[in-house]
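K.L.:
Before anything else, here's the structure in question.
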Amino acid sequence: MPKVEPNIDALWAEIGRLSEAGELRRLSSAFARFVAGLGSASPPLVLAAAVLSELEGRGHSCLQLADLAAGPAGLLGWDQEQWAQLAASAAPLPKGAAGWRKLLAGCEQVWDRTELDYDQPLVLDGERLYLRRYWRDETQVARGVRERAGTAHAVDEALVRDWLDRLFVSQPDVEGPDWQKLACAVALRGSVAIITGGPGTGKTYTVARLLALLFATAPDADRQRVALAAPTGKAAARLKQSIDKALNELADRVGADLPLRKLTERMGAARTLHSLLGARPDTRAFRHNRGNPLEVDVLIVDEASMVHLEMMASLLDALPPGATLILLGDKDQLASVEAGAVLGDLCHDAHLGNYDAATVDYIRRASGEVVPDAYHGGGGPLAQQTVMLRRSRRFGGPIGQLALAVNAGDEARVEQVLRADGDEVRWIDHAQQAHVLQLAQAGYAPYLELLRAGPQGEHEDWVRQVLQRFEAFRILCAVREGEWGVSGLNEAIERRLAAQGLLRHGVEWYAGRPVMVTRNDYATGVFNGDIGVTLPDPARPGAPRVYFLEGDAVRSVLASRLRNVETAFAMTVHKSQGSEFRHTVLALPRESNAVLTRELVYTGITRASKVFTLVTPNGAVLREAIASRTYRTSGLRALVA
Ligand SMILES: Nc1ncnc2c1ncn2[C@@H]1O[C@H](COP(=O)(O)OP(=O)(O)OP(=O)(O)O)[C@@H](O)[C@H]1O
């Protein structure tokens, strides 16, 4: 029988109260009970277990003991009073991080890494407390990238330089080094590289040149197996499209010296990470792992900011030791919904460069580029393999200026850009929901017109056009519920379009209903985040299908077979990652809440390629969001440094 501590009942009562009030997940209180049941139930341990589990639900991969000692109210999204009450019910609590460490290290439910491992559910690593799974994933990612960053490939520097000069157009009028060229040289020499940068900074442009460079300099170019992947189907299709386009242009440039078309033909389609790793229904384990590694020499992963900790750990586990991993992404975007902010942690200081003398010399020899002094430093092995692209080609105008200002937390500049006259950026402040409905009606008009006109020629051509037009406009929300959330807005938009005679939405699968898949479904081959439009099937009247666009190809599923979908006139910013819309509307709610952060606003803005409209019922919410940064506790930065 577990030993009963004197004041544990007060703690359980408090945990129960918080859980009733919806402040603590039932899972967190159940986890605390599970931990208590495994041995001596000391109140501070139970408290730490409940907090750790709660933080996991909020995207943190561990609990820093210093945060626990200081009172993690902010991390938990509670007010100080709530925390004080919970802490008092578990008193007396240890003092400081060192006190907590000493207490936890003495609990049989905790594996202190300096002691013997009995498979305890909690792991104490330095002054961080982990759920075992997250500790395993985090150390696996840290070890994987460190090992790869330390593995150098032999590079024929003169040959590389020669090819880089051919692949990149020189830009004498641009100040500073050509970071794109430099990134290719850096990526070629290691088994891992991170290329980060805001939208339109040329990540795909650069990686296409990196592939050409690899084919041009590898002794066995025609045997190199290159795979392309991304977290979502849409991002994968975009990656493939942009790389094909860039390689095609390059093929014309390099001519007969490099059979680029032939080499890239072997590359195949870009895949989702789930499909690449061989996801199986009903298990978290993938078909590919250390024992059955992927058959690749180079793996390029786009939109890496969306890759969560567990997926990155699985990916590194499945990658053969000799293969090269290239991660592309924007470190300033929202992190994954699931725990971890892997890309953000791995290249947190990318803007500083921190290149050591050996890297600076190598870059000069292999690319001819000179790294300015400001970017010299003593970064670790991964910093030497990380390059941030700094010049946006697409976002020189107001959308780019707005994104930069938000990223810098410069409130005054944000307002200035938002208030400037122009067609690219618009702001509706003191807005009513009706403003969003008007925008939706105007923004979706081109797709609705085509829907009403019906197919004039081939059915598939019509379907493709309907999908393309639908993809040109989107309403993004910060929250799910309420008047300004996804559900409230979707309903209101449906009602409005029906009232205007633009849709007939009396039935579930009305023609034109846009839907987003909310869960992977292996039976129908649709994945979380896929967006399609419901349209009639001329071959089977009365049995509508949902059509999805993959690049230029159209795929469809019988609507009645889709289980986990929701209407998608409006969607969350989270789900919009990896997509881009000609006109993006970002609707913020009336009240601030914990999900409203700088990263969320930045991600929403950068989904717009031509026009961005911000809709705020209460402008103060925008200011508060910009001032609030996402903070995710993890040990990854410390572990890879
Ligand atoms: N050095 C360059 N010279 C000329 N054009 C360039 C250069 N770099 C990028 N571009 C062009 O700028 C545009 C954006 O580049 P690209 O799509 O590679 O950016 P990205 O960083 O991958 O964007 P996203 O984050 O949206 O995926 C493309 O049209 C590309 O051809």
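K.L.:
Can you tell me which of T572, T606 is open to solvent by less than 20 Å² (accessible area, probe 1.4 Å), in contact with a Pro (Cβ under 8 Å, 6 or more places away or on another chain) and hydroxyl-bearing (S, T, Y)?
P.N.:
Just a single option satisfies the conditions, and that option is T606.
K.L.:
Quick check, is R629 assigned to a helix (DSSP H, G or I), under 21 Å from G329 (Cα atoms), open to solvent by 40 Å² or more (accessible area, probe 1.4 Å) and touching a residue at least 12 places away in the same chain (Cβ under 8 Å)?
P.N.:
Answer is no for this residue.
K.L.:
Sticking with this one: Test A608 against the criterion of being more than 16 Å from the ligand (Cβ to nearest atom) and either under 18 Å from the mean Cα position of the chain (by Cα) or in the same structural domain as F470 (by the TED database) (or both), and give yes or no.
P.N.:
no
K.L.:
Separate question: Might you let me know whether the range 307-320 holds any residue that is at pLDDT below 95 and within 16 Å of the ligand (Cβ to nearest atom)?
P.N.:
Yes, the range 307-320 contains a residue that is at pLDDT below 95 and within 16 Å of the ligand (Cβ to nearest atom).
K.L.:
For the range 45-68: of the residues being outside any helix (DSSP H, G or I) and of a type in the set (S, T, N, Q), which is most open to solvent (accessible area, probe 1.4 Å)?
P.N.:
My answer is Q64.
K.L.:
Quick one: V615 ticks every box in (1) open to solvent by 10 Å² or more (accessible area, probe 1.4 Å); (2) hydrophobic (A, V, I, L, M, F, W, C); (3) part of a strand (DSSP E or B) bar one, so which box is it?
P.N.:
The failed condition is (1).
K.L.:
I'd like to verify a number: residues in the range 284-304 that are surrounded by fewer than 15 Cβ atoms within 10 Å (Cβ to Cβ) and either in a loop (DSSP other than H, G, I, E, B) or of a type in the set (D, E, K, R) (or both), how many?
P.N.:
Counting residues in the range 284-304 that are surrounded by fewer than 15 Cβ atoms within 10 Å (Cβ to Cβ) and either in a loop (DSSP other than H, G, I, E, B) or of a type in the set (D, E, K, R) (or both) gives 6.
K.L.:
Quick one: which residue in A216, A212, A221 is modelled with pLDDT under 95, more than 9 Å from the ligand (Cβ to nearest atom), more than 26 Å from N407 (Cβ to Cβ) and buried (at least 23 other Cβ atoms within 10 Å of the Cβ)?
P.N.:
A212
K.L.:
Next question. Out of R146, R166, I need the residue that is within 16 Å of the ligand (Cβ to nearest atom), modelled with pLDDT under 95, in a helix (DSSP H, G or I) and not acidic (D, E). Which one? Before the answer, list the steps.
P.N.:
Values: R146 fails: within 16 Å of the ligand (Cβ to nearest atom).
Selected residue: R166, the only one of R146, R166 that is within 16 Å of the ligand (Cβ to nearest atom), modelled with pLDDT under 95, in a helix (DSSP H, G or I) and not acidic (D, E).
K.L.:
Looking only at the range 169-206, which residues are within 8 Å of the ligand (Cβ to nearest atom) and out of contact with any Ser or Thr (no Cβ under 9 Å at 6 or more places or on another chain)?
P.N.:
If the condition is that a residue be within 8 Å of the ligand (Cβ to nearest atom) and out of contact with any Ser or Thr (no Cβ under 9 Å at 6 or more places or on another chain), then V169, Q171, T206 are the ones that fit.
Yes/no matrix, rows are residues, columns are (1) under 17 Å from Y510 (Cα atoms); (2) surrounded by fewer than 16 Cβ atoms within 10 Å (Cβ to Cβ); (3) of a type outside the set (V, I, T):
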| residue | (1), (2), (3) |
| --- | --- |
| Y444 | yes, no, yes |
| E449 | yes, yes, yes |
| D461 | no, yes, yes |
| Q468 | no, yes, yes |
| E481 | no, yes, yes |
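K.L.:
Turning to a different aspect of this structure: So, in the range 224-247, how many residues would count as being within 12 Å of the ligand (Cβ to nearest atom) and polar (S, T, N, Q)?
P.N.:
Selection size over the range 224-247: 2.
K.L.:
Further, regarding this structure: What is the number of the single condition among (1) touching a Cys at 6+ places or on another chain (Cβ under 7 Å); (2) open to solvent by less than 10 Å² (accessible area, probe 1.4 Å) that S42 does not meet?
P.N.:
Result: S42 fails condition (2) only.
K.L.:
Mind telling me which of the residues P121, P94 ends up being touching a Phe, Trp or Tyr at 6+ places or on another chain (Cβ under 6 Å) and open to solvent by 20 Å² or more (accessible area, probe 1.4 Å)?
P.N.:
P94
K.L.:
Suppose we filter R623, R582, R590 for residues that are open to solvent by 20 Å² or more (accessible area, probe 1.4 Å), away from the ligand (no atom under 14 Å from the Cβ) and not in a loop (DSSP other than H, G, I, E, B); which single one remains?
P.N.:
R623
K.L.:
If you don't mind, another one. Taking the criterion of being within 16 Å of the ligand (Cβ to nearest atom), assigned to a loop (DSSP other than H, G, I, E, B) and either touching a residue at least 12 places away in the same chain (Cβ under 8 Å) or over 30 Å from the mean Cα position of the chain (by Cα) (or both), would at least one residue in the range 125-143 satisfy it?
P.N.:
The answer is no, given that none of the residues of the range 125-143 is within 16 Å of the ligand (Cβ to nearest atom), assigned to a loop (DSSP other than H, G, I, E, B) and either touching a residue at least 12 places away in the same chain (Cβ under 8 Å) or over 30 Å from the mean Cα position of the chain (by Cα) (or both).
K.L.:
Only one of these is more than 30 Å from A158 (Cα to Cα) and without any contact (Cβ under 8 Å) to a residue 12 or more places away in the chain: D252, D282. Name it.
P.N.:
Of D252, D282, the one residue that is more than 30 Å from A158 (Cα to Cα) and without any contact (Cβ under 8 Å) to a residue 12 or more places away in the chain is D282.
K.L.:
Same structure, new question: Scan (1) without any contact (Cβ under 8 Å) to a residue 24 or more places away in the chain; (2) within 34 Å of the chain's Cα centre (by Cα); (3) surrounded by fewer than 18 Cβ atoms within 10 Å (Cβ to Cβ) for the single condition K102 breaks and write down its number.
P.N.:
That leaves (2) as the condition not met.
K.L.:
Go through the range 593-612 and give me each residue that's assigned to a helix (DSSP H, G or I) and either over 18 Å from L489 (Cα atoms) or β-branched (V, I, T) (or both).
P.N.:
R598, E599, L600, V601, Y602, T603, I605, listed by residue number.
K.L.:
Do you know which residues across the range 554-563 are of a type in the set (S, T, N, Q) and open to solvent by 60 Å² or more (accessible area, probe 1.4 Å)?
P.N.:
Hit for the range 554-563 is S560, nothing else.
K.L.:
For the range 529-546, which residues satisfy the criterion of being within 32 Å of the chain's Cα centre (by Cα), touching a residue at least 40 places away in the same chain (Cβ under 8 Å) and farther than 13 Å from A568 by Cβ? Quick ask: steps written out before the conclusion?
P.N.:
Step one: list which residues in the range 529-546 are within 32 Å of the chain's Cα centre (by Cα), which gives 529-535, 545-546.
So of that shortlist, the ones also touching a residue at least 40 places away in the same chain (Cβ under 8 Å) come out as 529-533, 535.
Residue satisfying the conditions is L535 alone.
K.L.:
Take T196 and tell me if it is within 26 Å of D332 (Cβ to Cβ), among the polar types (S, T, N, Q) and touching a helix residue (DSSP H, G or I) at 6+ places or on another chain (Cβ under 8 Å).
P.N.:
yes
K.L.:
Show the residue pairs meeting these rules: Cβ distance below 6 Å; 6+ apart or different chains; first residue within the range 384-400 and within 17 Å of D421 (Cα to Cα); second residue more than 11 Å from the ligand (Cβ to nearest atom) and part of a helix (DSSP H, G or I).
P.N.:
Once the first residue is within 17 Å of D421 (Cα to Cα) and sits in the range 384-400, its partners that are more than 11 Å from the ligand (Cβ to nearest atom) and part of a helix (DSSP H, G or I) give P398/V417.
K.L.:
Quick check: is even one residue across the range 244-264 outside any loop (DSSP other than H, G, I, E, B), in contact with a strand residue (DSSP E or B) (Cβ under 8 Å, 6 or more places away or on another chain) and of a type outside the set (V, I, T)?
P.N.:
no
The values are calculated or read from the model by the stated rules, or taken from the named source; none is laboratory data. Predicted model, so just to flag it, every value in this text is computed and none were measured. Counting neighbours? That spans all protein chains shown, and the Cβs are built from the backbone with ideal geometry, glycine included. Please note that ligands, DNA and RNA were not included when accessible areas were found on the heavy atoms of the full protein model with its side chains. Shrake-Rupley method; radii C 1.70, N 1.55, O 1.52, S 1.80 Å.
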